[in-house]
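Note sheet for the following structure.
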Amino acid sequence: RKVQQAGYWVLYKVAMPSILIELGFLSNPEEEEFLIKAENQNVMAQAIADAFTDYRNEIEQKAGRDKENAAHESKPKADTAATENSSNGSIKDIIEYRIQFYASERELNLDNLLFKGLHDVKKYRENNLWKYTAGNSARYDEILKMMSEIRKKYPDAFIIAFQNDKKISITQARELQRRK
């Protein structure tokens, strides 16, 4: 059908953005046949997961822009000129992809048993949480291969990107790499 808004009880008084997704109706024989197949369920689940990831990245990117704008406005002009130097190999151009697999309010040591078997584990602080990543690659296709291995232990793991150790959206990272 289409996107609709209403006062659905399942969404009533939740403390975060929320949606109700209806992927089909079992009362419709054609939809039932589609919904019952595992491969179709996987496609629908991946589409939902991708939508959530895109939404989260969009929100985090906006929050990052707001922080960046506030910091930029308080910086002297001479500082910004020095950091926005040429783009031929400068540190400003380094894009890294990592796999975020865990988040915690408590800071954990990187040698914690939870991280056993993972390579290049790093942590960063964001939104009052410690977030943990594994893997590190300048190539998206390489990190994608690593992710399938990490998802065996952490099924909710997802790819994130950094530019000069500052988190950016995947879309922004891919765009910056495409321009090179």
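Just the residues that are among the β-branched types (Val, Ile, Thr) and open to solvent by 80 Å² or more (accessible area, probe 1.4 Å), please, taken from the range 6-31. VAL10, ILE19 - these are the residues of the range 6-31 that are among the β-branched types (Val, Ile, Thr) and open to solvent by 80 Å² or more (accessible area, probe 1.4 Å).
On the stretch given as the range 112-151, residues that are within 22 Å of ASN164 (Cβ to Cβ), assigned to a loop (DSSP other than H, G, I, E, B), charged (D, E, K, R) and open to solvent by 90 Å² or more (accessible area, probe 1.4 Å) total 1. Being at pLDDT 85 or above, under 25 Å from GLN177 (Cα atoms) and either out of contact with any Gly (no Cβ under 8 Å at 6 or more places or on another chain) or assigned to a helix (DSSP H, G or I) (or both) is a property that does not hold for THR80.
Any residue at all in the range 90-111 that is open to solvent by less than 80 Å² (accessible area, probe 1.4 Å), over 18 Å from PHE52 (Cβ atoms), of a type outside the set (Gly, Ala, Ser) and free of Cβ contacts under 8 Å to residues at least 60 places away in the same chain? Yes, there is a match, as at least one residue in the range 90-111 is open to solvent by less than 80 Å² (accessible area, probe 1.4 Å), over 18 Å from PHE52 (Cβ atoms), of a type outside the set (Gly, Ala, Ser) and free of Cβ contacts under 8 Å to residues at least 60 places away in the same chain.
In the range 2-13, what residues are part of a helix (DSSP H, G or I) and either over 27 Å from the mean Cα position of the chain (by Cα) or of a type in the set (Ser, Thr, Tyr) (or both)?
First pass over the range 2-13, keeping only residues part of a helix (DSSP H, G or I): 9-11.
Listed by number, the list holds a single entry, TRP9.
Inspection of the range 14-32 finds no residue satisfying the criterion of being outside any loop (DSSP other than H, G, I, E, B), at pLDDT below 90 and of a type outside the set (S, T, N, Q). Can you name the condition, by its number, that GLU73 falls short on among (1) of a type in the set (Asp, Glu); (2) open to solvent by 80 Å² or more (accessible area, probe 1.4 Å); (3) at pLDDT 90 or above; (4) not in a loop (DSSP other than H, G, I, E, B)? Failing condition for GLU73: (3).
Contact map, the range 128-152: residues that are under 20 Å from SER104 (Cα atoms) paired with residues that are surrounded by 14 or more Cβ atoms within 10 Å (Cβ to Cβ) and of a type in the set (Ser, Thr, Tyr), Cβ distance under 8 Å, separation 6+ or inter-chain. Pairs shown: TRP130/TYR124; LYS131/TYR102; LYS131/TYR124; TYR132/TYR102; THR133/TYR124; GLY135/TYR97.
Determine, yes or no, whether TYR154 is more than 22 Å from GLU58 (Cα to Cα) and over 13 Å from the mean Cα position of the chain (by Cα). Even if it seems obvious, please write down each step before you answer.
On the way: more than 22 Å from GLU58 (Cα to Cα): yes; over 13 Å from the mean Cα position of the chain (by Cα): yes.
Spelling it out, TYR154 is indeed more than 22 Å from GLU58 (Cα to Cα) and over 13 Å from the mean Cα position of the chain (by Cα).
Here TYR154 fulfils each of the conditions (1) open to solvent by less than 50 Å² (accessible area, probe 1.4 Å); (2) part of a loop (DSSP other than H, G, I, E, B); (3) at pLDDT 90 or above apart from (3).
The values are calculated or read from the model by the stated rules, or taken from the named source; none is laboratory data. What you see is a predicted model; the values in this text were computed from it and never measured. Here Cβ is always computed from backbone atoms with ideal geometry, including for glycine, and neighbour counts include all displayed protein chains. Side chains included, ligands, DNA and RNA excluded: accessible areas come from the protein's heavy atoms. Shrake-Rupley method; radii C 1.70, N 1.55, O 1.52, S 1.80 Å.
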